[in-house]
Every structure is written in structure tokens, then in C-alpha cells.
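J.: Please find one structure pasted underneath; my questions will follow.
The values are calculated or read from the model by the stated rules, or taken from the named source; none is laboratory data. No experiment lies behind these values; they were computed from the predicted model shown. A quick note on method: Cβ atoms are made from the backbone with ideal geometry, for glycine too, and the neighbour counts reach across all protein chains shown.
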Amino acid sequence: MSLIEYRNLLYEVSERIAWITERRRLLFICKIFLPDDCEDNIQDVLSLLIKLEEENHLGIDSLDVLKDLLERMGKWNLLQAVEKFETKRKEYKSLLEQCGRALDDRSQLERLVSVCEGKISHDRQRHITNVWTLFTELEKQNELGIKRLEILKTMATEMEKPDLLQRVEEFKKKRKQEEDAEREQNDLEEARRRSQGEESSLFISNIKLYITRRSKTVYSDFVTGMHIIIRHNYL
């Protein structure tokens, strides 16, 4: 998963935890991970997560502390989202490992870098010492990620690695199938929520209609009764 997806995940977690009610518990649990006297600078869940990142207790490939927190708090939906992200990230990293092993030839490094012409600045190219640092630079430039695999396909084609090309294409196909299934599931859940909302609105409307009609009936009975009483007394 990409850095953008990771940052979005942290934001979603921060938005769905009530800082007002959970502040004391979060700060108490995280105290062992934080520097002394830093609590005054932590104003919400997001700033706490950022501080954990700064102290190297949280990162795109380091989610154990976050998972422990969510588990202790009983935030099962958020925990599931983090675990899903982690699983997809591991699958992507595994693909990079396979690509790296297949392309890790120092004699061909210059050729690989030339394939990435225009994607990495000349200044940054000087820091590339092997295929792994090349991947890192491409990720930093947002040219490589779980949804940006074209550069790997180009490398595999250029270096005449048909097996590697097939592996990348299979990974991309699998990811698309998973995304389509997830999107379909989300659409079904959204339709179900809308349907339940419409049923609730209809139920409430029927109650209001019943109360209105009942009130009119009671009022009508009351007026009729008063007329009878008044007429009886007059006679």
C-alpha cells in the first residue's frame, strides 16, 4: 500500500476515536513510548499518532503498536481496517522482493536507472547504489506503489524477464479483482443502510400520522361529548 493510503488510514483512525473520552487512557498506555513532558503538545488522536511516528513506534511497515491500542480499546472495525492494510502491504512488499531478486544485477543497474528516466531527478540518481535504493527512490517520487506497477512491467520487459512480467501482471489482476469485490461489498452495505434509513423514516412518518389522526379523533370525541353535556344541562 502507498504512503497516501497509509496517511489516510491514520486519519480515519484519528477521526473515529473520541479524544475527549479516550484521552487519559491513550496517554497512559502510550506513556512508555513517548518522551517525558510531551503531553501538552498532544492535542488530539492525530497528533498522538504523529508523535508515535516521530519516536519510531509507528510507520507504514510498523503497525503493531497501533493494532495493540485498537485491540485494547475494542475498536474492532478499525483493527480490521489496519490488518487489511497490513496484509495488502505485505503482499506488495513480497512482490518487490521477487522483482528485486530478479533484477539485482549491478552490471545492469545503469540500464535500469535509464529506464526510469524522467521519474527520478539527476541529483537523486547519484544516491542509487542498487535495485533496492532504486525502488525506494521511485516510491518517494510516487512512481512506484501497489497501484503504480507500470514501471516494474517496463523494467521486466526491458531486461527481458518474461516470468517477472507475468508475475507483476498477475499481482495487478488479483488486486483489481479484490478491489472490485470490495467496492461491490461497500455498495451493497451502503444500499442496505439507505434502505434501513428509508424504512425508519417511513415507520416514523406512520407513527406521526397515526398520532395526528388519533389526536383528531380524541378531540372530535371530546367536542361531541361537551355538546351533549351542554345540551343536557340546557334542557
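J.: When both residues are 6+ apart or on different chains and their Cβ atoms are under 6 Å apart, which pairs have a first residue that lies in segment 1-13 and is without any contact (Cβ under 8 Å) to a residue 60 or more places away in the chain, and a second that is of a type outside the set (Ser, Thr, Tyr) and part of a helix (DSSP H, G or I)?
T.: Close Cβ pairs (under 6 Å, with a partner that is of a type outside the set (Ser, Thr, Tyr) and part of a helix (DSSP H, G or I)) amount to LEU10/LEU49.
J.: Considering segment 31-47 alone, what residues qualify as being assigned to a helix (DSSP H, G or I) and farther than 20 Å from TRP76 by Cα? If you could, list the steps in order and put the result at the bottom.
T.: Within segment 31-47, the first condition is being assigned to a helix (DSSP H, G or I), and the residues that meet it are 31-33, 39-41, 45-47.
Of everything in segment 31-47, those that are assigned to a helix (DSSP H, G or I) and farther than 20 Å from TRP76 by Cα turn out to be LYS31, ILE32, PHE33, GLU39, ASP40, ASN41, SER47.
J.: Moving on to the next point. State the number of residues belonging to segment 128-145 that are more than 10 Å from LEU96 (Cβ to Cβ) and part of a loop (DSSP other than H, G, I, E, B).
T.: So the answer is 6.
J.: Among the candidates GLU189, GLU139, single out the residue that is surrounded by 11 or more Cβ atoms within 10 Å (Cβ to Cβ), closer than 21 Å to LYS88 by Cβ and among the acidic types (Asp, Glu).
T.: Details: GLU189 fails: surrounded by 11 or more Cβ atoms within 10 Å (Cβ to Cβ).
After ruling out the rest, the residue left standing is GLU139.
J.: Sticking with this structure for a sec: Inspect segment 42-50 for any residue being within 24 Å of GLU86 (Cα to Cα), without any contact (Cβ under 8 Å) to a residue 24 or more places away in the chain and touching a Gly at 6+ places or on another chain (Cβ under 8 Å) and give the result as yes or no.
T.: For segment 42-50, residues within 24 Å of GLU86 (Cα to Cα), without any contact (Cβ under 8 Å) to a residue 24 or more places away in the chain and touching a Gly at 6+ places or on another chain (Cβ under 8 Å): absent.
J.: Please find, within segment 1-17, the residue that is farthest from the chain's Cα centre (by Cα) out of those that are under 21 Å from LEU149 (Cα atoms) and part of a helix (DSSP H, G or I).
T.: Filtering segment 1-17 for residues under 21 Å from LEU149 (Cα atoms) gives 1-8.
Subset that is part of a helix (DSSP H, G or I): 3-8.
Values: LEU3: 11, ILE4: 10, GLU5: 6, TYR6: 7, ARG7: 8, ASN8: 6 Å.
If we take residues in segment 1-17 being under 21 Å from LEU149 (Cα atoms) and part of a helix (DSSP H, G or I), then LEU3 is farthest from the chain's Cα centre (by Cα).
J.: Identify all residues within segment 18-30 that are part of a helix (DSSP H, G or I) and loosely packed, with under 12 Cβ neighbours inside 10 Å; write none if there are none.
T.: Filtering segment 18-30 for residues part of a helix (DSSP H, G or I) gives 19-30.
Residues satisfying the conditions are ILE20, THR21, ARG24, PHE28.
J.: Exactly one of (1) farther than 30 Å from GLN166 by Cβ; (2) of a type in the set (A, V, I, L, M); (3) at pLDDT below 95 is unmet by LEU70. Its number?
T.: If we test LEU70 against (1) farther than 30 Å from GLN166 by Cβ; (2) of a type in the set (A, V, I, L, M); (3) at pLDDT below 95, just (3) comes out false.
J.: Quick one: count up the residues across segment 146-177 that are assigned to a loop (DSSP other than H, G, I, E, B) and touching a residue at least 12 places away in the same chain (Cβ under 8 Å).
T.: Residues of segment 146-177 assigned to a loop (DSSP other than H, G, I, E, B): 146-147, 149, 159-161.
From what is left, the residues that are touching a residue at least 12 places away in the same chain (Cβ under 8 Å) are 146-147, 149, 159, 161.
Within segment 146-177, residues that are assigned to a loop (DSSP other than H, G, I, E, B) and touching a residue at least 12 places away in the same chain (Cβ under 8 Å) number 5.
J.: What's the number of the condition THR129 fails, among (1) surrounded by 14 or more Cβ atoms within 10 Å (Cβ to Cβ); (2) more than 28 Å from ARG24 (Cα to Cα); (3) without any contact (Cβ under 8 Å) to a residue 60 or more places away in the chain?
T.: Unmet for THR129, out of (1) surrounded by 14 or more Cβ atoms within 10 Å (Cβ to Cβ); (2) more than 28 Å from ARG24 (Cα to Cα); (3) without any contact (Cβ under 8 Å) to a residue 60 or more places away in the chain: (1).
J.: Being hydrophobic (A, V, I, L, M, F, W, C), closer than 13 Å to ILE17 by Cα and crowded, with 16+ Cβ neighbours inside 10 Å is the filter here; which residues of segment 34-87 pass it? Before you say what the answer is, go through the steps one by one.
T.: Taking segment 34-87 first, the residues hydrophobic (A, V, I, L, M, F, W, C) are 34, 38, 42, 45-46, 48-50, 52, 58, 60, 63, 65-66, 69-70, 73, 76, 78-79, 81-82, 85.
Still in the list and also closer than 13 Å to ILE17 by Cα: 45-46, 48-49, 66, 69-70, 73, 76, 78-79.
Once the filter is applied, which keeps residues that are hydrophobic (A, V, I, L, M, F, W, C), closer than 13 Å to ILE17 by Cα and crowded, with 16+ Cβ neighbours inside 10 Å, segment 34-87 yields VAL45, LEU46, LEU48, LEU49, LEU66, LEU69, LEU70, LEU78, LEU79.
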